[in-house]
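Below is one structure, written out as structure tokens, with a few remarks after it.
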Amino acid sequence: MNSDPVRTDLLPAGPAALDALPARLHRLATEAGHEKVAYGLIHLFGRAVCPDCEAVFSVSDRVVKMDE
């Protein structure tokens, strides 16, 4: 039996669709030449699809809930 979790692709947010703080972080990372950080931010503030039930959810909301 394989106990590895099923993975799914992330759906990155468009930089123009980001809320104020994530947009600022993305802009600062881009301006500073930190492309990998900027790339990570659009994924963190993007969405994902549950591979089991196909529900779409916010990645950042899920990260916050993991800490609760």
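The values are calculated or read from the model by the stated rules, or taken from the named source; none is laboratory data. In this text, all values refer to a predicted model and were calculated from it rather than measured experimentally. Please note that ligands, DNA and RNA were not included when accessible areas were found on the heavy atoms of the full protein model with its side chains. Shrake-Rupley method; radii C 1.70, N 1.55, O 1.52, S 1.80 Å.
Per DSSP H run of at least 4 residues, take -39500 (n - 2.57); add these up for the chain, divide by its residues and hand me the 222 nm value, nearest 500 deg cm²/dmol.
Working: 3 runs with 30 residues, N = 68.
The helix contribution divided over the chain gives -13000 deg cm²/dmol.
Taking 0.36 nm per residue of separation and subtracting the Cα-Cα distance, what length does fully extending ALA23 through SER58 add? Walk me through the numbers before you get to the answer.
Working: separation 35, 0.36 × 35 = 12.60 nm, distance 1.59 nm.
Contour length minus the Cα-Cα distance gives 11.0 nm.
Which whole-number value in Å² is the accessible area per residue of the chain, probe 1.4 Å?
Numbers: 5560 Å² over 68 residues.
Normalised by residue count, the accessible surface of the chain is 82 Å².
What is the chain's relative contact order, in percent, from Cα pairs under 8 angstrom and six or more apart in sequence?
Details: 70 pairs, mean separation 22.2, N = 68.
That works out to 33 percent.
Scan around GLY46 for amide H atoms under 5 Å from its own, H built in the peptide plane at 1.01 Å from N, and keep only partners 5 or more places away or cross-chain.
ALA13, VAL59, SER60
What value in Å³ per residue do you get for the convex hull of the alpha-carbon atoms in region 13-68? Let's see the in-between values first.
Values: hull volume 5.2 nm³, N = 56.
Per-residue hull volume (Cα only) is 92 Å³.
Find how many whole Å separate the alpha carbon centroid of region 41-63 from the alpha carbon centroid of region 1-37.
11
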